[in-house]
Amino acid sequence: MPSTSGQPDKANVQGLIIRGYSHPFSCHMLFKFPDNAGAAKFVTALLPYLQDARQWAEKPKRMLNIGLTYNGIITVKPSLAGHFFSPSFTEGPASSDPNGPQASLFDLGASAPENWWYKKFATDDIHAGVHVYALTSDDLTSLVVLVANAAEVAGVTELFPLNSGSGRLEQCELPDETVYFGYRDGIDNPDLGWPSDPSNTTPQDLNNFLIGYPPYNPGPTLGDAGVFAKDGCYNAFRIFYQDVEAFENFLDTNAPTVARATNKSLPDARGWLAAKLIGRWYNGSPLILSPNGPDPNTAGATAFSYAGDANGVQCPFSAHTRNANPRDEDVNPADAIIPRIARRGMPYGPPPKPPDYSGDRGLIGLFLVGDLASQFELVYSWMNQNIFSPLFSSDTQDAVLANRATPQADTSFTIPTQGAPVVIASLPQFLVTRGTAYFLLPSITTLRNIAAGTA
Amino acid sequence: MATPLSLYVPIKQDPITQLEAKAAYDGLVERLKPGLDKAQIVHYARLVLIPNASGGGIQAVLLITTFDGPMNPYLKFFWDTPGFRDTFQGFAKLALNPPEPPVEDLTTFENFITSNNLSQPADLYQAYPQTVPKIIQAFKPKQKPA
């Protein structure tokens, strides 16, 4: 049951929201419900493995969490059809509404929604996502098989988003917590603490991620939809193909220019350019704290400021981590409350064997927010168009993540130095969106009600 | 890239609603100016009272604005900015078909705006691509020499 103390009861919150799971094996399965009864039967079978957010005495060997799209929700509770959830969630990320999510995501060209999921199914077909985590490969396989069998018995259709391997989104463990392109990932996440005074909350507090708590911005908060969504959190689930060949070629091609401009050796110039793209060295050291090279002492550092780097000499303005979290950088008044996103991503697909870069690989991104539009889509719009800060002289883009086909975008990349800046005339497309779904990760209570047919 | 918003809300025809619509129109710019000045996101904004075809009374209120960036991500900013919330809730109360559920939280506000907006980015002609902060910065009053 939801807590009556004013704070959420972690036994009622799905663990994925608050806890950064470190299980090395995961699989992210997509499903379409046949009807309310089928959904209830399916969720019932999964409940014994559903992980809540309480501290565990011993790490579970295998566990899962469940998300529902808007179409999934109105299948289990048809009375919630209509304008009860936010427009972004109701329409979904593939909507053709010109004012909808795509006005921020700008998935164009190969990334366009009509190309998602290898055209094997439509985004609207997705009703549920089941995120399965395990300590060993065998544990993962056993639970994935159990989930798949439960779906079959309940008449629930599993949707296979990939063309390779099992067709499922399975985590590929890379060394040292890295992702494709070689960077260490998952360093900086909001602390998700509980504010002593909810009216004086900060964007990284849990009440900006969980639905139903002051200042009541994550919604819905009213009526049956408010009851259904209470203690839930949204998951912008996004699959990116990462073009490792394009990325490595970019570094190879531009390293000689950088080497000449900075008096560095070719390998050092290559590493320097890679760090300038992301804002951290490969090992995770932020450029602000370690401007001259990676340092093991700063590899996981999160306490630093951009205020002293108003010219971008230490970290370029368009570096990915500086775009995704500008911290105390000078931003426009309407963007002054920097939203935070809790990221729970992992790589998928087998590593390439250069010079053979064929095969599908990239990032399974779980971007958790209380409000899809003002948190996830706002930060995404910043990455596609750098117009959120007076520091930008033109509509440049995130150096790694942006879609280069965004209208009016300036795809150049300027790296300020103590001398003349290094200017890359045009950044290539490094990522292709393979698919996106917006899920609500409902409370444990809501999932039990769905299983019981009483949601 | 700027986004147009044309919030079109047909209103009830009873005398009280008609008077309230006129009251909303009178002095709206002055009431919203402090918030708009502070926001530095809106290029232009105006409220139009659309007359009935018969010539008597008000058929609808139409708020026309052009602002920087996409629409949905910035709706929370307007909901949280003093002056705007009351204004939009006031429009919703005038509506011939009042939103259900009523505009009482961010989600219902977002739905009210998107349901009544008649514009989309492709409708907009832009003579310049610069954002409001850039324009203000470029045309800051020059200090007179001492």
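The values are calculated or read from the model by the stated rules, or taken from the named source; none is laboratory data. Here the structure is a predicted model, which is why all the values come from computation and not from measurement. Here the Cβ positions follow ideal geometry from the backbone for every residue, glycine too, while neighbour counts run over all protein chains shown. In case anyone asks, the SASA skips ligands and DNA or RNA and just uses the protein heavy atoms, side chains included. Shrake-Rupley method; radii C 1.70, N 1.55, O 1.52, S 1.80 Å.
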_Shielding by partners - mean other protein chain Cβ count within 10 Å, residues of A:398-408_ = 1
*Taking the alpha-carbon centroid of each part, what is the distance from segment A:350-372 to segment B:2-40 in angstrom?*
47
*Between helix A:36-46 and chain A: long-axis angle, C-alpha atoms, 0 to 90°, nearest 10*: 70
*Violating pairs (Cα-Cα greater than 27 angstrom) within the set A:LYS10/A:LYS119; A:LYS77/B:LYS93; A:LYS77/A:LYS230; A:LYS230/B:LYS33; A:LYS41/B:LYS76; B:LYS38/B:LYS140*: A:LYS10/A:LYS119; A:LYS77/B:LYS93; A:LYS230/B:LYS33; A:LYS41/B:LYS76
*Return one number: the angle in degrees, 0 to 90 and rounded to the nearest 10, between the long axis of the Cα atoms of helix B:28-39 and the longest principal axis of the Cα atoms of chain B.*
40
*Provide the per residue accessible area, probe 1.4 Å, for chain B, rounded to a whole number of square angstrom.*
54
*Amide hydrogen neighbours beyond the local backbone of A:PHE25, cut-off 5 Å, H modeled*: A:ALA134
_For a bin width of 10 Å, list the pair-distance distribution of the protein assembly as shown built from all Cα-Cα distances, rounded to whole %._
3, 16, 26, 26, 18, 8, 2, 0, 0
_Estimated buried accessible area (total), pair A and B, 1.4 Å, Å² to nearest 100_ = 2900
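Set the Förster radius R0 to 45 Å, insert the Cβ-Cβ distance between A:ARG404 and A:ARG54 as r into 1/(1 + (r/R0)^6), and round the FRET efficiency to 0.05. Display every interim value, and only then the final one.
Details: r = 44 Å, r/R0 = 0.98.
The pair A:ARG404/A:ARG54 has a calculated efficiency of 0.55.
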*Order the peptides B:36-48, A:353-365 from the highest to the lowest mean number of other Cβ atoms within 10 Å of their residues.*
B:36-48, A:353-365
*How many Cβ atoms of partner chains, on average, are near each residue of A:332-339 if near means within 10 Å of its Cβ?*
6
*Residue by residue, what Karplus-based ³J(HN,Hα) values in Hz, rounded to whole numbers, does segment A:201-210 have, using 6.51, -1.76 and 1.60 with θ = phi - 60° and x for Gly and Pro?*
6, 10, x, 9, 6, 5, 6, 8, 10, 8
*Whole-Å semi-axes of segment A:81-235's equivalent ellipsoid, largest first, each the root of 5 times a Cα gyration tensor eigenvalue?*
29, 23, 20
*Using only Cα atoms, locate the centre of segment A:47-94 and the centre of segment A:381-455, then give the distance between them in Å, rounded to an integer.*
24
*asked:* Threshold 50 Å², probe 1.4 Å: give the residues of segment A:88-103, in number order, that are less accessible with all protein chains present than with their chain alone.
replied: A:PRO98, A:ASN99
*Sticking with the crude label model, points 7 Å out along Cα→Cβ, report the distance from A:ALA110 to B:GLN59 in nm, one decimal please.*
5.0
*Order the following by accessible area, largest value first: B:LEU96, A:LEU162. Probe radius 1.4 Å; ligands, DNA and RNA are ignored.*
B:LEU96, A:LEU162
_Can you sort A:GLU173, A:GLU91 by solvent-accessible area, 1.4 Å probe, largest first?_
A:GLU173, A:GLU91
*With the full set of protein chains in place, find how many percent of the accessible area of chain B is carbon and sulfur; take the probe as 1.4 Å.*
60
_Heavy-atom surface of chain A, accessible at 1.4 Å and reported per residue (Å²)_ = 37
*Residues with amide H under 5 Å from that of B:ILE11, placed H, sequence gap 5 or more*: B:ALA60, B:VAL61, B:LEU96
*Are there residues in segment B:76-113 whose accessible area shrinks by at least 30 Å² when all protein chains are included rather than the chain by itself, and which are they (probe 1.4 Å, ligands and nucleic acids not counted)?*
B:LYS76, B:PHE77, B:PRO101, B:ASP105, B:LEU106, B:THR107, B:GLU110, B:ASN111
*Rounded if a/c under 1.5, otherwise prolate or oblate - segment A:232-356, Cα gyration tensor axes*: oblate
*Working with all protein chains in place, sort B:LYS134, A:LYS119, B:LYS22 by solvent-accessible area computed with a 1.4 Å probe, largest first.*
A:LYS119, B:LYS22, B:LYS134
*Whenever you get a sec, compute what percent of the accessible area on segment A:4-67 sits on carbon and sulfur atoms (1.4 Å probe).*
47
*Along Cα→Cβ, 7 Å out, is where each label goes; now give me the distance between the ones at B:SER6 and A:ASN163 in nm to one decimal.*
4.2
*Straight-distance crosslink candidates among lysines, where the alpha carbon sits under 29 Å from A:LYS276 and sequence neighbours closer than 8 are dropped*: A:LYS264, A:LYS353, B:LYS134
